[in-house]
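Reading through the structure tokens given below for one structure.
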Amino acid sequence: MHPSMLSPSIACSIESAENEAQVEAFLQRHPKFVTEAPPEGLLPQECLSEDGRLTMLPHVHGTDGAFAVRLRRRDAGAVAA
């Protein structure tokens, strides 16, 4: 992966085991990655957690269930050798 690459994680599920738990496991295995909030105004604020994870709930948002998070390498400004 290129050092400045942004990698989204998206799931059509509202199950924590398929979403947050998978992201946390990935972050544990790959400490150079961090979650990154989307650009301001891109998504409704009420759908975002404090660290920018998107969660859409059918009973709250009137949509299908969905989860998304942006993952970026901590050394995104570095140039690969």
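The values are calculated or read from the model by the stated rules, or taken from the named source; none is laboratory data. All values reported here derive from a predicted model rather than from experimental measurement. Cβ sites come from the backbone with ideal geometry, for glycine too, and all protein chains shown count toward neighbours. Just the protein is used for accessible areas: all its heavy atoms, side chains included, with ligands, DNA and RNA removed. Shrake-Rupley method; radii C 1.70, N 1.55, O 1.52, S 1.80 Å.
Things worth noting here:
- Inter-residue pairs, beta-carbon under 8 Å, first within 14 Å of Leu57 (Cα to Cα) and in the range 6-17, second assigned to a helix (DSSP H, G or I) and open to solvent by less than 70 Å² (accessible area, probe 1.4 Å), 6+ apart: Ile14/Pro58
- Note on the range 26-50: residues that are in a helix (DSSP H, G or I) and either open to solvent by less than 60 Å² (accessible area, probe 1.4 Å) or farther than 14 Å from Leu71 by Cα (or both) total 5.
- Residue ID - modelled with the lowest pLDDT, chosen from residues in the range 56-81 that are in contact with a His (Cβ under 9 Å, 6 or more places away or on another chain) and crowded, with 17+ Cβ neighbours inside 10 Å: Arg73
- Residues of the range 50-66 classified as within 15 Å of the chain's Cα centre (by Cα) and over 15 Å from Ser9 (Cα atoms), total: 1
- Members of the range 1-25 found to be hydrophobic (A, V, I, L, M, F, W, C) and open to solvent by 60 Å² or more (accessible area, probe 1.4 Å), listed by number: Met1, Met5, Ile10, Cys12, Ile14, Ala17
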